[in-house]
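Novice: Starting off with a structure, shown below.
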Amino acid sequence: MTSNGLQTGIMIDRADMDRMLKNVDRASDSISVKSDSSDSTLLNSDMERSVNQIDSKINAYKQSVHQSKLAPLDQEMKLRDYYLRAYDLYYSPTPDYQTAFSLFKLCQSLPEAKFFLGMCYLYRKGVNQDLEKAKGYLELSWKNAQFPIALYELGKLHDLLGNRVEAFRNFLLAANLGVPKAYGKLAAIYETGDVIYDVDEANYWKGKAYAVVH
């Protein structure tokens with residue numbers, strides 16, 4: 001329920017309660033002037049019924065508020081469940097990429113799901129390769145959640161597209177953010193001079209890459 005809807009619901013409940021409270025007040029006033037015991041009993045019954053109606057309205061309102069607060073939490077848990085199931089299928093010894101892809105799509109509002117959708121499109125995991133979609137999802141996962149590994153994968157994507165400068169830029173950012181896979185890529189770029197030639201930088205990143213595996 002939207003905030004406007006919730007506010008409208010409150011107004012209606014309060015109007016109903018005001019009306020019933022007036023009935024209770026009238027019943028109480030009548031009791032004070034009535035002497036006949038049967039009339040008093042009847043009025044007491046009317047007043048009790050009105051009070052019960054008010055209690056019922058209040059309880060119903062409390063329940064609706066409680067449910068409205070729980071709804072976002074339930075949705076978040078559902079998205080997380082989709083993501084964890086997709087993640088397990090993606091990295092399973094016998095992966096089911098097609099089902100994983102479908103589940104990642106269901107929870108794509110999560111930044112980490114965007115990353116894996118990018119990976120699926122980039123590496124044909126459960127879907128045909130689409131480099132533009134892969135690029136879009138990987139860029140969103142970086143912008144929304146600052147995943148350094150997304151920069152590395154963007155570097156590889158730009159390398160496939162022949163955008164050597166963009167590939168270098170993404171590898172450099174990823175390496176400086178501590179992504180070990182990017183060290184060797186940078187070393188090769190500096191060594192071959194495809195974008196920039198620098199023997200010292202090539203040796204520096206070679207050393208970093210060597211340290212990771214030894």
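The values are calculated or read from the model by the stated rules, or taken from the named source; none is laboratory data. A quick note: this is a predicted structure, and the numbers were derived from the prediction, not measured. Heads up, the Cβs are rebuilt from the backbone with ideal geometry, glycines too, and the neighbour counts pull from every protein chain shown. Please note that ligands, DNA and RNA were not included when accessible areas were found on the heavy atoms of the full protein model with its side chains. Shrake-Rupley method; radii C 1.70, N 1.55, O 1.52, S 1.80 Å.
Novice: Using the Kirkwood radius built from alpha carbon pairs, what does the Stokes-Einstein equation give as D for the range 62-199 at 10 °C and 1.306 mPa s, in µm² per second?
Specialist: 97
Novice: Between beta-carbons, use under 14 Å as the cut-off and find the net charge around Val165, counting Lys and Arg +1, Asp and Glu -1.
Specialist: 0
Novice: On the protein heavy atoms, probe 1.4 angstrom, tell me the percent of accessible surface of the range 100-175 carried by carbon and sulfur.
Specialist: That share works out to 55 percent.
Novice: Same structure, new question: Can you give me the Kirkwood hydrodynamic radius for the range 77-141, using every pair of distinct Cα atoms, in Å to one decimal?
Specialist: 11.2
Novice: Moving on to the next point. Can you tally the net charge around Ala145? Count Lys and Arg as +1, Asp and Glu as -1, for every other residue whose Cβ sits under 15 Å from the Cβ of Ala145.
Specialist: 0
Novice: How many nm is it between the label spots at Glu191 and Arg164, if each spot is 7 Å from the Cα in line with the beta carbon?
Specialist: With each label placed 7 Å out from Cα toward Cβ, I get 1.6 nm.
Novice: Using 0.36 nm per residue of separation minus the Cα-Cα distance, give me the extension gain between Gln129 and Glu76 in nm, one decimal.
Specialist: The Gln129-Glu76 span can extend by a further 16.1 nm.
Novice: Right, something else. Given a 1.4 angstrom probe, what's the average accessible area per residue across the range 90-187, in square angstrom?
Specialist: Per-residue value: 47 Å².
Novice: Going down the table (Lys105/Lys185; Lys143/Lys206; Lys114/Lys135; Lys105/Lys135; Lys78/Lys125), which pairs top 20 Å between alpha carbons?
Specialist: Flagged as over cut-off: Lys105/Lys185; Lys143/Lys206; Lys78/Lys125.
Novice: From largest to smallest, what semi-axes in whole angstrom does the range 139-200 give when each is the square root of 5 times an eigenvalue of its alpha carbon gyration tensor?
Specialist: Whole-Å semi-axes of the equivalent ellipsoid: 20, 13, 8.
Novice: Cβ under 15 Å from Asp96's Cβ, Asp96 left aside: what net charge do those residues give with Lys, Arg +1 and Asp, Glu -1?
Specialist: Here the charged neighbours net out to +3.
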